[in-house]
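Before any comments, here is the structure.
The values are calculated or read from the model by the stated rules, or taken from the named source; none is laboratory data. Here the structure is a predicted model, which means the values were calculated and not measured. Glycine also receives a Cβ, built like all others from the backbone with ideal geometry; neighbour counts cover every protein chain displayed.
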Amino acid sequence: MGALLSLSRGIDAISKLVGLVAEYLVLLCALISAFNAMSRYFFHASSNGWLEIQWYLFAYVVLLGASYTLRNNGHVRVDLIYGNVGPAKRLWIDIFGLLVFLLPVTAYLTYLCWPFFHEAYLNGEMSLNAGGLIRWPVKLLLVLGFGLLFLQGISELIKRIGALTGQIQVDTVYEKPLQ
């Protein structure tokens with residue numbers, strides 16, 4: 001179990017690094033958006049390339065930030081049962097959810113997205129917009145995002161099993177979103 005927990009720490013470190021980059025890219029995305037708006041309204045100039053860069057950055061934030069959110073226990077849960085049971089049962093619910101839902105779905109989506117990216121890369125697919133960008137980098141984000149979310153799911157599974165065996169402690173506290 002020690003080697004698996006080391007693997008989990010490594011995956012967590014990757015997700016943390018990618019998540020921290022995503023946090024700064026939110027700021028960069030906002031600055032590009034403001035620049036686009038100012039150049040369009042004050043100088044009557046615009047660029048599809050800058051708009052697409054903004055979309056690519058947003059794709060990075062969402063797709064690669066998902067693993068960071070999972071690592072930090074920030075995903076929304078269906079709280080029909082989870083909030084009303086103790087920590088051990090929460091661990092079992094998490095394990096069930098990871099094994100039955102998250103891991104199969106992310107593995108399948110990674111598999112489906114690879115040919116989508118690969119074809120775009122081989123063909124040098126470009127945006128149809130004038131001044132648009134190449135498309136394969138954003139399509140690669142699909143593969144990386146689902147792949148990293150799958151790996152983070154493996155890490156969370158390892159941690160839940162480690163918590164059940166008493167080797168580590170996992171925070172299972174979940175706060176319902178305020179509505």
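A few points about this structure:
Listed here are the residues, each with its yes/no results for (1) out of contact with any Gly (no Cβ under 8 Å at 6 or more places or on another chain); (2) surrounded by fewer than 13 Cβ atoms within 10 Å (Cβ to Cβ); (3) farther than 26 Å from V173 by Cβ.
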| site | (1), (2), (3) |
| --- | --- |
| F43 | yes, yes, yes |
| G49 | no, no, yes |
| L63 | no, no, yes |
| Y82 | yes, no, no |
| D94 | yes, no, no |
| L103 | no, no, no |
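- Residue that is farthest from W114 (Cα to Cα), among those in the range 140-156 that are free of Cβ contacts under 8 Å to residues at least 60 places away in the same chain and either buried (at least 20 other Cβ atoms within 10 Å of the Cβ) or touching a Ser or Thr at 6+ places or on another chain (Cβ under 9 Å) (or both): F150
- Residue identified as within 19 Å of the chain's Cα centre (by Cα), farther than 30 Å from E52 by Cβ and of a type in the set (A, V, I, L, M, F, W, C) among L142, L149, L157: L157
- Odd one out for R90 among (1) surrounded by fewer than 18 Cβ atoms within 10 Å (Cβ to Cβ); (2) assigned to a helix (DSSP H, G or I); (3) among the basic types (K, R): (1)
- Any hit, the range 134-145, residues being in contact with a strand residue (DSSP E or B) (Cβ under 8 Å, 6 or more places away or on another chain) and part of a loop (DSSP other than H, G, I, E, B): yes
- Extreme residue, modelled with the lowest pLDDT, among residues of the range 35-77 that are among the hydrophobic types (A, V, I, L, M, F, W, C), more than 25 Å from the chain's Cα centre (by Cα) and under 26 Å from V138 (Cα atoms): A45
- Put simply, of S67, S15, S6 the only residue that is exposed (fewer than 14 other Cβ atoms within 10 Å of the Cβ), under 19 Å from V170 (Cβ atoms) and among the hydroxyl-bearing types (S, T, Y) is S6.
- Only one of the numbered conditions (1) at pLDDT 95 or above; (2) in contact with a Leu (Cβ under 7 Å, 6 or more places away or on another chain) is violated by L151, and that is (2).
- Any hit, the range 46-68, residues being more than 15 Å from L149 (Cα to Cα) and in a loop (DSSP other than H, G, I, E, B): yes
- Inspection of the range 73-80 identifies no residue that is of a type outside the set (D, E) and in a helix (DSSP H, G or I).
- Check on L80, more than 30 Å from N48 (Cβ to Cβ) and under 17 Å from the mean Cα position of the chain (by Cα): no
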